[in-house]
Amino acid sequence: MCTGILKGCCSDLKKGQRQQQQEQQQQNNTVVGRSEPTQPWPKRGGLDLEGGGEELGSMDSALVHMTGDSVFQLINASLSFQWAERFCRTQFSLLTVKQMAEDEEGALLLLKRSQLREPVWVTDPNKPRGGESVPVFTQYEVLPTLSFSLESKEGHARLDTLFPPLQAVTVCARVQWDHRHDQVSTIFSYAAPVFINEFQLRGRADGADRKVLLALIVQGHHCPYKAYFPNDGDWHQVCVSWRNSDGLWAIHVDGQIRDTGSRVDTTTRDIHGAGIFIVGQDQDSFGGDFTEPFVGNVTDLNVWNATLGEAQIHTLKACRPLENLDAVFSWSSRNLTLHEDAKEVQANIYCPGLHSQKQKEECEVLEGWSSHNTTQYSRQPCSQALPFVCRTSKKRYLAMKELKGGQSYRPSPFMSHLMQVTGDSQVMEEPQAAMSWDQASQLLNISQHALSETQEPLEAADVLSLVQILSRAAEVPSVAVNESGATAELLSQQFITVADSIISSDNAHMWTVVKEVASGPMSVVRSIDRMVSNLNPLLIADRDSVQIQSSNIKLQVQQKSLGQTSETSNFCGPNLDNSTGLDCISLSSQQMEELQSNGFRKVTLLNTWYGSLHEILNTDEKIITFPDVSDGTQRSLGTMLGSSVISSTVLGDGQPISMPVRFQLQHKEQNPTGLVYQPICAFWDFNLMPEDGGSWSSYGCEVLSTREDSTTCSCNHTTNFAILLQIYEVERNPEDEKALQMLTFTGCGVSLCGLILTLILFTAVGVPKSDRTTVHKNLIVALAMGQLLLMFSDWASANHEACMLVTALLHLFFMASFSWMLVEGLLLWSKVVSVNISEERRMRFYYALGWGLPIAIVTVTLMVSLNKYKAETHCWLNIESNVIWAFVGPVLFVLAVNTVVLCRVVMVTVSSARRRAKMLSPSCASKPHTFDLTWAATRPVLILLPVLGLTWLCGVLVHTSPAVAYLFIILNAFQGLYIFLVYAVYNSEVRSAIRRIQEKRKALSFTNCSQPISFLPSQRTPVSFWAQSLPSPSSLESSEASYPNTSTTSSSLVFKNESFRKDSFVSFSIRPSSGNQVVELTAFKPSGC
């Protein structure tokens, strides 16, 4: 037997020469012609090519359009949209995309050349791809429900509908039986005026088997109690039908037929019309005498005057409406009369088809050119069969032809064995929606046989063919007639065996060639996922768990009933090489309870472990590289797959749902030879780069804990997981690292002391208040708090909550430090460039910029990325995510602005110094003039560097050399000390304030030692004018005459001046000279005057 995938290889052996001639005719530029496809299909009627050439009579001809980068292939066989997408994927290509210029051009050209009048499928780029899992709540619908309590014996509801005579009838309802009730009950009864027991459904609880047995009464004939549903308190759909033509009746429960029969003993008649339909009671008389009350809940009851088939009943079970069939009574009409004991409540009903029903079941098609010469698109039902165009890259297409062409001239040993088994029979001659079980089983059986007979290693073309075989065999139908769980397990075992052979580590070197076509070994994983999803209903039809294992793959399908106590579900890979740990994935008991609270009854877990993929994928260049961020201690070398791959799929009542999972995987131990491995929790996203088969992503995953050889992760969805290892090369030795840490701690301590002393001096010595002083104080406070938190951040790293708080505060205060550095620059600019803003308005703006902006940045960052805010190992922002830009971005902006300000200040200072030098210095004095200009340029740089934050510019180069790291720490860790020296010790305002304090104390000390009574008289002593106490000129002269050799003396007068500030003194000194009498007055002007 030969499959369509293998048929191309078989036919290629007979036509190798013709293929070679056709390939030589193809050009690298745009080509329209025929070429051998990877999958043959029959010619459709009316297909003709323009330009003559060989007629398309062959079964393996295709219309191909090749451009510089892409190849478009018209698949002239009709499939639904879903199967068209899957077929293109089996050919390692994609459907053309709507409104993409290159795709439009290629598809329209093929339509024109083929004279095809039908539309072709296209993909809508705005529609999300591959979302098979749906949220938990989207598959439930709230319906109005009739509730009949155990205490009531009269509760019922009457359908206010006029019933015609019925040749056939079907009644469907959703029933929830009260497990406390164990008596015979009537779910509904229909009575006619001429005959009471026309149509009735009864039930009774079977306590031994915990079942509710059902029996139908038709025209007085009581059928046996054989049909049943579990007495578990859950909702169950019950449909009963009957027809007059052959007396056939049937009872369906939850979409499955449970009992059926026909009356052949008597002549049947139509069910009488004009009757009364009662829900919840038996009618012993027409519309009354209720004797068998129902206890429980009933909803979604509908009546049709026709017999529904199984497909229609399945449609109703999925909460989808029936098309082209009107109901005699519809539950949505709510045309009911309720007894006072019957209550109407709301019920949450499981509807597996609700999600697809709410989505538009229409897909995009390309019609061709409109009358206005524009591309015309429309929508068609997705189930409609239409042709389509597959697009792939030119590189991939040519690589695939080269691999297939090599098999034409020299088949591999595997292909030779395969052709010996296949013979001439063929299946899959064309693109088709699904394979039958027989076809899939034969296809896998011959592949498995050829693999076992082949002793030589597989070639690249063999791997490619097997990947296609698995892709097609995975599309077996999930429901099959006369197929058992044992058959499904055998088919799964064959599938896993073939898959294991091609992802074996022995074939790792082959995947380097195949990856150019088949998108790597994850395409095999995708086929396994698809196969398990299709076969799981049969695999667990008669058991709760099935496990299939091969050398590199372990598969487990497990079904659990969600009872009162839901346990944690855990799946582990095999124990290889007696390792101490296992690769495990689990679903917590809390999540199981959440499923139960949302109405789910059973959960199915599809788990798979792949042990050899890391050896294959590490030779692949498709491992993603995360942002190369280095703090100077290590340099990123790339990313590798460091663990096995483990996958999990969760089905709630058969519906795929996405749930958070937790997994632990073993990986390579830390290497002590200078390399550091940082584990990253990741998953394979097939939709990330669809044309390349997907890529790794870490979105929604986080590291919970890590050890030397394993990492535990949590992800908020289910898919295929692994541990990626980010490889770093250590750039600084441990001695340098320890020295830098000690220097940082010492510098922060010294800096903190300097900042505190500066703040004390600014506050205590009475420095005159000004906007500049206020800005200095705020900068000092922000820096001091940041330095203090930085010193104690290591102690907080052990506690996650404390570390998060310290990280946020560090972010806030360092951000505030740079904001106040920006304010320093703006204030300096306002001094250099005249700005007409009042000081009060300016300070309000400065406070908003200095404190308001940092608070806003930190708050927004925490709200947007709380889970990725903190680094994993220390209390600072996460440098591996975009969170770090919430600090780096504003800092770079501040440094850029302050650099411009500093340049402007230097220019103004140099210009002033040049003008002053020209006025004061002789024209020949060039050396002093040059020195003055140099000092004028250097002095503001040295003064302004610490407050403008420009020393942080060297942080950009900190990773280049340890010397730069030392320089960066010295300049910034000792920033507080630098501010203390420049803005406190050598600040003229601070020194003047200190000198005033010293002189004030000296004056007070002198006053206490003199006789202050004459100068500070009491109220009883007359105040004399101070000049009266001065010696007269004659006395001065006599004094001079008497003491000619005596040194000049002086007298001091100290007055307490009430016109000045409190405790302000004015000192007048009288100093005689040899000439005229001189009086020298020295006064201290107090601050604030």
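The values are calculated or read from the model by the stated rules, or taken from the named source; none is laboratory data. Worth saying up front: this structure is predicted, and the values here are computed from it rather than measured. Backbone-built Cβ (ideal geometry, glycine too); neighbour counts: all protein chains shown. Areas reflect the complete protein model, heavy atoms only, side chains present, ligands, DNA and RNA absent. Shrake-Rupley method; radii C 1.70, N 1.55, O 1.52, S 1.80 Å.
Could you tell me the ratio Rg/Rh of segment 472-552? Both radii from Cα atoms, Rh via Kirkwood.
On the way: Rg = 14.2 Å, Rh = 13.7 Å.
Here the Rg-to-Rh quotient is 1.04.
Calculate the tail of P(r) for segment 491-598: the fraction of all Cα-Cα distances greater than 22 Å, expressed in %.
Numbers: 2755 of 5778 pairs.
Percent of Cα pairs beyond 22 Å in segment 491-598: 48.
Be a star and scan segment 637-664 for residues whose amide nitrogen sits under 20 Å from the point 7 Å along the Cα-to-Cβ vector of Ser589.
660-664
Using the structure shown, select from Lys554/Lys668; Lys211/Lys317; Lys554/Lys868; Lys560/Lys868; Lys127/Lys394; Lys153/Lys211 the pairs with a Cα to Cα distance greater than 29 angstrom.
Working: Lys554/Lys668 21 Å; Lys211/Lys317 20 Å; Lys554/Lys868 34 Å; Lys560/Lys868 35 Å; Lys127/Lys394 26 Å; Lys153/Lys211 23 Å.
In this structure, Lys554/Lys868; Lys560/Lys868 exceed 29 Å between Cα atoms.
In nm², what is the average projected area of the convex hull enclosing the Cα atoms of segment 64-122?
Details: hull surface 15.9 nm².
Seen from a random direction, the Cα hull of segment 64-122 projects 4.0 nm² on average.
Just to confirm, what accessible area per residue do you get for segment 765-874 at 1.4 Å probe, in whole Å²?
On the way: 5610 Å² over 110 residues.
Roughly 51 Å² per residue, with all protein chains present.
Over segment 471-562, average the accessible area per residue using a 1.4 Å probe and give it in Å², no decimals. Present the calculation step by step, with values, prior to reporting the outcome.
Working: 3270 Å² over 92 residues.
For segment 471-562, the per-residue accessible area is 36 Å².
At Val832 and Leu892, where each label point lies 7 Å from the Cα along Cα→Cβ, what is the point-to-point distance in nanometres?
It is 2.3 nm.
Using 7 Å Cα-to-Cβ label points, what is the Ser452/Gln384 separation (nm, one decimal)?
Computed distance between label sites Ser452 and Gln384 equals 4.8 nm.
Nearest 0.05, what FRET efficiency do Val750 and Met100 give at R0 = 45 Å with Cβ-Cβ as r? Can you show the working numbers first?
Numbers: r = 63 Å, r/R0 = 1.40.
Efficiency at R0 = 45 Å is approximately 0.10.
7 Å from Cα along Cα→Cβ at both Ala739 and His221: what's the point-to-point distance in nm?
10.2
Under 10 °C and 1.306 mPa s, how fast does segment 204-260 diffuse according to Stokes-Einstein, given a Kirkwood radius computed over C-alpha pairs? Answer in µm²/s, whole number. Don't jump to the answer; show the numbers that get you there.
Working: Rh = 12.0 Å.
Taking Rh from Cα pairs, D becomes 132 µm²/s.
Between Arg269 and Asp182, what length comes free when the chain is fully extended (0.36 nm per residue of separation minus the Cα-Cα distance, one decimal in nm)? Walk me through the numbers on the way to the answer.
Numbers: separation 87, 0.36 × 87 = 31.32 nm, distance 3.42 nm.
Computed gain between Arg269 and Asp182 is 27.9 nm.
Share of segment 453-513's accessible area from carbon and sulfur, percent, 1.4 Å?
Solvent-exposed carbon and sulfur of segment 453-513 make up 53 percent of the total.
What percentage of the solvent-accessible surface of segment 165-217, computed with a 1.4 Å probe over protein heavy atoms, is contributed by carbon and sulfur atoms?
Values: 910 of 1990 Å².
Ligands and nucleic acids excluded, carbon and sulfur give 46 percent.
Net charge near Ala168, counting Lys/Arg +1 and Asp/Glu -1 over other residues with Cβ under 11 Å of its Cβ?
On the way: positive: Arg243; negative: Asp246, Asp270.
So the surrounding residues net to -1.
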